[in-house]
Amino acid sequence: MKSHAGVVVEPMKMMAQYEGILLEPVYSVKGISGLIDLIRKGYFKPDENVVFLHTGGSISLFGYPNVFDPPAYI
């Protein structure tokens, strides 16, 4: 996965676009990156339930304005 300024952007955009979940760029994005990698490698069975615990931290997104395109009102 490509990164920009040390932030892996692909999983963050994927979660925001498909699930409406904003992940912070330090810990949560690394966790979801690992989960996505395991899913792509077929680690889980198709009928298996998987839980990802998102513990917050979305406010730290504002610390990376050069990585994201913030809305014009910010």
Exercise. Ranked highest first by average number of other Cβ atoms within 10 Å, how do 23-32, 47-56 line up?
Worked result: 23-32, 47-56
Problem set entry | Gain on full stretching of the segment that runs from Glu19 to Lys41 - 0.36 nm per residue minus C-alpha separation | 5.8 nm
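Since every read-out is calculated from the coordinates, none of them should be taken as a lab result. All values derive from a computational prediction rather than experimental measurement. All Cβ positions, glycine included, derive from the backbone under ideal geometry; neighbour counts span all protein chains shown.
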